[in-house]
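Trainee: For reference, the structure I am asking about is given below.
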Amino acid sequence: MKKLKLYGRGIIPGRVQGEAIVTSQPISFFGGFDPEKGTIIERGHELKGMNVTGKILIFPRGKGSTVGSYVIYSMKKKGTAPAAIINIETEPIIAAGCVIANIPLIDKLNENPIKVIKTGDWVEVFADEGIIEVKREE
Amino acid sequence: MFLNKDEERMLQGEYGIIVQKSMKILVTLGDVFGAERMAKVKSVHVNGISYKNIGDPALEFLEEWADNGAKTRVHTTINPSGMDMERWREFGISEAFANKQIRIINAFKRMKTCKSLSCTPYLIGNKPQLNDHIAWAESSAVAFANSILGAKTNREGGPAALASAITGRTSMFGYHLDENRNPSHEIYINEPVNGVLEHSTLGYHVGKKLGHCIPFFKNLKKPNIDELKALSAGLAASGSVALYHIYNVTPEEKKFRDKSYERIDIRKRDLTETLAELSVEEGNEHICIGCPHCSMREIAEIARRVAGKKVKCELWVFTSSIICKEAKLKGYFDIIEQAGGKMISDTCMVVSPMRAMGVRGVITNSCKAAHYIPNTCEIPVTLKNVDNCIKVALGK
């Protein structure tokens with residue numbers, strides 16, 4: 001078991017853990033997600049068809065319409081939202097969405113999370129302290 | 001981030017859960033962008049109103065907030081919806097769509113927003129003054145308010161703008177701070193730019209070429225309000241531009257006269273090329289004017305041109321219900337409708353379900369519309385100035 005601890009900026013507090021799902025591409029929640037299922041549906045996206053429900057969703061930043069914030073909220077209410085979001089550097093769509101949906105959010109980690117975390121890793125999020133712990137089976 | 005006592009109380013929940021959530025949104029954004037304190041806002045403009053754009057997730061959110069007693073505490077206008085709120089049946093809008101749209105508008109009504117729906121709040125009484133802090137969404141209105149009125153706003157999103165309406169606050173970062181309002185480029189106009197379409201194209205061209213920037217236009221003959229409205233919309237659509245300055249026109253430009261900025265020259269040829277890229281040549285026969293929403297002057301001009309004549313194809317004129325009402329009093333409404341045109345309120349060509357309304361090809365004078373309609377409605381767009389739009393409408 002390999003362990004890794006990263007330090008960043010906790011934006012929305014909360015302690016959760018789950019399986020990582022990682023992409024190097026920005027994500028648009030509006031139009032890019034099926035909120036009923038929690039599945040990415042954006043054409044051409046490398047995570048198309050993948051489900052994010054209950055996972056630690058790791059991507060560079062949000063993009064697209066500000067309506068995306070409402071979609072994050074809707075997914076939380078339907079039980080299809082990710083457990084936490086980790087960005088390289090977040091922006092208003094994701095930040096506002098995570099506030100209204102109460103989803104832990106961390107950014108600006110001391111290492112690039114997209115490079116050091118792999119889809120399938122187990123991630124513990126301590127957003128109050130801005131810390132994440134990554135565990136990988138070897 | 002520093003909060004005063006009242007703001008602290010809002011954040012602690014003393015004014016209820018909605019005010020608390022709203023304050024949390026603003027404090028979070030303030031923390032993300034390094035704001036040191038909050039500013040009181042004089043007015044708010046909220047976007048994300050059309051059911052076509054926002055769908056069920058936002059509908060549910062807005063109803064929940066209205067149910068929980070959300071109320072605006074400053075003058076708040078809202079963007080166009082997906083349909084004319086009175087005449088929607090005339091335009092092929094389905095009952096199902098209308099019901100959802102009415103629920104959205106009712107939620108906003110319960111939150112005490114202005115009843116007139118428009119992307120040009122500054123034409124209907126939401127007109128902030130120089131140096132006022134405001135929280136506006138709707139990209140074209142943001143560019144107009146920052147640049148022409150000299151008010152201060154970031155490009156807000158729907159939820160953040162709503163949070164500002166409910167708390168009367170915004171976080172001080174970005175365009176609220178004077179140091180972030182300096183020009184990035186000097187845009188030198190080498191050949192005269194005239195009329196709404198040319199200003200729209202100029203804005204679109206500069207936004208597309210430079211992206212996110214703060215242009216300082218020089219040698220641009222003083223544009224009228226309609227031309228400034230079009231310039232703002234063009235810049236915002238292609239380049240996410242939130243602020244620009246014009247020599248001898250805008251209120252902050254004197255501060256920047258003595259400094260030099262990277263210079264871009266604009267010639268007629270640049271605008272012709274940009275226009276050609278955005279516009280398809282043939283096959284369209286549905287005239288739409290009013291992106292952004294028409295002013296009274298634009299409506300008067302259309303009425304003058306079609307008075308006593310009959311249009312040979314559809315002519316739709318989009319505006320706010322306040323201006324539409326005034327156009328009725330002035331007789332323009334009847335002139336346009338008797339000529340066979342339609343005056344449509346509370347919605348626009350970009351946020352209504354145009355394809356479902358039977359539209360298959362649009363002729364307009366707005367580069368913003370030509371930018372969005374092919375993607376959001378899968379409808380081709382031809383660009384012509386308003387004179388030529390009316391000529392096509394009259395079959396000339």
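Trainee: In what order, largest first, do B:31, B:265, A:107 sit by accessible area if the probe radius is 1.4 Å? Display every interim value, and only then the final one.
Mentor: Details: B:31 80, B:265 55, A:107 0 Å².
Greatest to least solvent exposure: B:31, B:265, A:107.
Trainee: Let me ask you something else. Express the Stokes-Einstein translational diffusion coefficient of the stretch B:257-327 in µm² s⁻¹, to the nearest whole number, given a Kirkwood radius over alpha-carbon pairs, 37 °C and a viscosity of 0.692 mPa s.
Mentor: Numbers: Rh = 15.8 Å.
This corresponds to a translational diffusion coefficient of 208 µm²/s.
Trainee: Summarise the accessible area of chain A (1.4 Å probe, protein heavy atoms) by the percent that is carbon and sulfur. Don't skip to the end; give the middle numbers.
Mentor: Values: 2880 of 5830 Å².
The C+S portion of the solvent-accessible surface of chain A is 49 percent.
Trainee: To test your reading of the geometry: what angle, between 0 and 90 degrees and rounded to tens, separates the Cα axis of helix A:92-101 from the longest principal axis of chain A?
Mentor: With rounding to tens, the tilt is 90 degrees.
Trainee: While we're on this one: Can you check what the Kirkwood hydrodynamic radius comes to for the stretch B:215-308, Cα pairs only, in Å to one decimal? Before the final figure, lay out each step's value.
Mentor: On the way: mean 1/r = 0.0620 Å⁻¹.
Averaging 1/r across every pair of different Cα atoms and inverting gives 16.1 Å.
Trainee: Next up: Under unit Cβ charges (Lys, Arg +1; Asp, Glu -1), what dipole magnitude, rounded to 20 debye, does chain B have relative to its Cα centre? Mind dumping the intermediate values first?
Mentor: On the way: 53 positive and 45 negative charges, 175 e Å.
Taking the Cα centre of chain B as origin, the dipole is about 840 debye.
Trainee: A follow-up question, please. Fully extended, how many nm does the chain gain between residue B:12 and residue B:103 (0.36 nm per residue separation, minus their Cα-Cα distance)?
Mentor: Extending this stretch completely gives an extra 29.7 nm.
Trainee: I need the Kirkwood Rh of the stretch B:101-177: take the reciprocal of the average 1/r across all distinct C-alpha pairs and report it in angstrom.
Mentor: Values: mean 1/r = 0.0767 Å⁻¹.
Result for the stretch B:101-177, one decimal place: 13.0 Å.
Trainee: To continue, here is another question. Please identify, among B:329, B:149, B:202, the residue showing maximal mean-square fluctuation in a Gaussian network model of chain B using a 10 angstrom Cα cutoff.
Mentor: B:329
Trainee: Determine the calculated [θ] at 222 nm for chain B from helices alone, applying -39500 (n - 2.57) to every DSSP H run no shorter than 4 residues and normalising by the residue count; nearest 500 deg cm²/dmol.
Mentor: On the way: 14 runs with 161 residues, N = 396.
Only helices count here, giving -12500 deg cm²/dmol.
Trainee: So what's the Cα pair-distance distribution over the stretch B:144-282, bin width 10 Å, in %?
Mentor: 12, 42, 31, 13, 2
Trainee: Any idea which of B:114, A:104, A:86 is furthest toward the positive side of the dipole for the protein assembly as shown, if Lys and Arg beta-carbons carry +1 and Asp and Glu beta-carbons -1?
Mentor: Checking the options against the dipole of the protein assembly as shown, the answer is B:114.
Trainee: Here is a further query. Using a 1.4 Å probe on the protein chains only, how many percent of the accessible area of the stretch B:1-132 belongs to carbon and sulfur?
Mentor: On the way: 2730 of 5810 Å².
The value for the stretch B:1-132 is 47 percent carbon and sulfur by accessible area.
Trainee: Another one. Could you work out the local net charge near residue B:182, counting Lys and Arg as +1, Asp and Glu as -1, over the other residues with Cβ closer than 9 Å to its Cβ?
Mentor: Values: positive: B:181, B:255, B:259; negative: B:178, B:179.
Neighbour charge sum, excluding residue B:182 itself: +1.
Trainee: While we're here: Pop out the Kirkwood hydrodynamic radius of the protein assembly as shown from its pairwise C-alpha distances, inverse of mean 1/r, in Å to one decimal. Don't skip to the end; give the middle numbers.
Mentor: On the way: mean 1/r = 0.0414 Å⁻¹.
Answer for the protein assembly as shown: a Kirkwood hydrodynamic radius of 24.1 Å.
Trainee: What does the C-alpha gyration tensor say about the overall shape of chain B? Classify as rounded when a/c is under 1.5, otherwise prolate if a/b is larger than b/c, or oblate. Don't skip to the end; give the middle numbers.
Mentor: Details: a/c = 2.03, a/b = 1.19, b/c = 1.70.
Oblate is the answer for chain B, as a/c is 1.5 or above yet b/c matches or exceeds a/b.
Trainee: Compute the accessible area per residue over the protein assembly as shown, keeping the other protein chains in place, probe 1.4 Å, unit Å². Don't jump to the answer; show the numbers that get you there.
Mentor: On the way: 21390 Å² over 534 residues.
Result: 40 Å² per residue.
Trainee: I want to check a number: in the stretch A:45-138, how many lysine pairs have alpha carbons closer than 21 Å, given a sequence separation of 8 or more or different chains?
Mentor: For the stretch A:45-138, qualifying lysine pairs total 20.
Trainee: Right, something else. Using a 1.4 angstrom probe with every protein chain in place, what is the largest-first accessible-area order of B:173, B:256? Don't skip to the end; give the middle numbers.
Mentor: Details: B:173 35, B:256 5 Å².
Greatest to least solvent exposure: B:173, B:256.
Trainee: Is it possible to state the helix-based mean residue ellipticity at 222 nm for chain A, with each DSSP H run of 4+ residues giving -39500 (n - 2.57), the sum divided by total residues, to the nearest 500 deg cm²/dmol? What is it? It would help to have the intermediate numbers written out before the result.
Mentor: Numbers: 3 runs with 25 residues, N = 138.
Calculated at 222 nm, the ellipticity per residue is -5000 deg cm²/dmol.
Trainee: On to the next question. Could you work out what % of the accessible surface of the stretch B:324-396 is carbon and sulfur, using a 1.4 angstrom probe and leaving DNA, RNA and ligands out of the count?
Mentor: On the way: 1430 of 2910 Å².
It is 49 percent, rounded to a whole number.
Trainee: In whole angstrom, how long is each semi-axis of the equivalent ellipsoid of the stretch B:345-396, when you take the square root of 5 times every eigenvalue of its Cα gyration tensor and sort them from largest down? Don't skip to the end; give the middle numbers.
Mentor: Details: eigenvalues 73, 28, 23 Å².
Over the Cα atoms of the stretch B:345-396, the ellipsoid semi-axes are 19, 12, 11 Å.
Trainee: Related question: Would you report the distance distribution of C-alpha pairs in the stretch B:187-236 as whole percents per 10 angstrom bin, up to the bin with the largest distance?
Mentor: So the P(r) values, bin by bin, are 29, 62, 8.
Trainee: Checking buried surface per residue: for the stretch B:142-162, which residues lose a minimum of 10 Å² accessible area in the protein assembly relative to the chain alone (1.4 Å probe)?
Mentor: Listed by number, the residues meeting the 10 Å² cut-off are B:157, B:158, B:159.
Trainee: Which Rg and Dmax, in Å, describe the Cα atoms of the stretch B:1-118?
Mentor: Reported Rg and Dmax, both Å: 16.5, 53.
Trainee: Compute for chains A and B the buried accessible surface, both sides summed, probe 1.4 Å, and express it in Å² to the nearest 100.
Mentor: Working: alone 6710 and 16460 Å², together 21390 Å².
About 1800 Å² of accessible surface is lost on pairing.
The values are calculated or read from the model by the stated rules, or taken from the named source; none is laboratory data. What you see is a predicted model, and the numbers here were worked out from it, not measured in a lab. Cβ sites come from the backbone with ideal geometry, for glycine too, and all protein chains shown count toward neighbours. Quick note on the areas: whole protein, heavy atoms, side chains included, nothing else; ligands and nucleic acids left out. Shrake-Rupley method; radii C 1.70, N 1.55, O 1.52, S 1.80 Å.
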